[in-house]
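One structure below.
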Amino acid sequence: MPEPAITLLKRGRPEAEIRRSLSVVAADSSPIDLSAPRVTEAAQKTPFAIVLSRKLVLSTVLIWVLAFITQGLIILVLQYVPILLQQHAPGPGLNTAQSGLVMAMWGWGSLAGQVAVSFLLKRLDRFVTGVVAAVWTIAGLLIVVIGNLGFVGLMIVLLGTAIGAAALPTVTNAIGAIAYPDVARATGVGASSFFGRIGSVVSGLSGGLLIAAGFTLPIMFATLTVPVAVVGVAFIGLRAETRRRARSRASAEGDRSQLDPDLPLAAEQN
């Protein structure tokens, strides 16, 4: 993705380069004013104050929830599914080599999901892409829950499930990168990464507790559908909140085409 137009404008980049950046979110950027941005009250705040400002706090919380769950989900699967795959009835009862091959397919699916979604994000609505990835992941989890899959079946289904699961944190990062003005972007993305790490730690602890409580692979995957559903709802909430801010700003200023460091144009349009 190109740098936001407001960042290029502040750096004094050529107009042609700024217009190319705007073309990602605006088919015709000719009416957009490219004069120097005005310094607003929000621009004088500290980066963290902007991240938690009244205008952005809801988006920030939703992004933190997304980072917490999506990164935690990946760690939980990688750490504990190999153990569950080797459990005997009602588990699959695979041996160590078979369990390793199934998890290798999860790894290949994760790679495919991250590569594929990187192309989709340039062409499709980020929030809709996230919802589709969440639904895809839930479908894969439920197939394991309701299906009596053997070794080959688990390889195929977990390969497909990983495509959706790995796309979720990628989409979250893409949204976080455009959710904040350039002066607070690093702080916003860093804060979401921090909550993602907390999610990884919590999932590591909770996974061990769930296995100790007698959870099998089907029960674990059925349980995981709940946080993935929350992820889908969070994407929908972010889309609604972004559009609400865009309408509010358009109503207040009467011109959505003005570049404002308080709210990146890319965040409004997507």
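The values are calculated or read from the model by the stated rules, or taken from the named source; none is laboratory data. None of these values were measured; they are calculated from a predicted model. So basically every Cβ, Gly included, is an ideal-geometry build from the backbone, and we count neighbours across all protein chains shown. Ligands, DNA and RNA are excluded from the accessible area calculation, which covers all protein heavy atoms including side chains. Shrake-Rupley method; radii C 1.70, N 1.55, O 1.52, S 1.80 Å.
Things worth noting here:
- Total residues in the range 212-249 satisfying the condition of being of a type in the set (Val, Ile, Thr) and open to solvent by 40 Å² or more (accessible area, probe 1.4 Å): the figure is 6.
- The range 198-216, subset among the aliphatic types (A, V, I, L, M), over 20 Å from the mean Cα position of the chain (by Cα) and in a helix (DSSP H, G or I), residue nearest to PRO82 (Cα to Cα): ILE211
- The residues of the range 46-99 that are farther than 22 Å from VAL231 by Cα, of a type in the set (A, V, I, L, M, F, W, C) and buried (at least 20 other Cβ atoms within 10 Å of the Cβ), listed by number, are ILE50, LEU84, LEU85, LEU94.
- Set side by side, the residues VAL145, VAL131, VAL135 differ, and just one is modelled with pLDDT under 95 and either open to solvent by 40 Å² or more (accessible area, probe 1.4 Å) or in a helix (DSSP H, G or I) (or both), which is VAL145.
- Complete set of residues in the range 133-156 that are more than 24 Å from SER99 (Cβ to Cβ) and free of Cβ contacts under 8 Å to residues at least 12 places away in the same chain: none
- Failed item, numbered, when ALA36 is tested on (1) closer than 16 Å to ASP182 by Cβ; (2) at pLDDT 65 or above; (3) open to solvent by 60 Å² or more (accessible area, probe 1.4 Å); (4) over 26 Å from the mean Cα position of the chain (by Cα): (2)
- Any hit, the range 177-184, residues being open to solvent by less than 20 Å² (accessible area, probe 1.4 Å) and farther than 30 Å from LEU9 by Cα: no
- Selection count, the range 100-126, where residues are farther than 14 Å from VAL144 by Cβ and more than 22 Å from the chain's Cα centre (by Cα): 3
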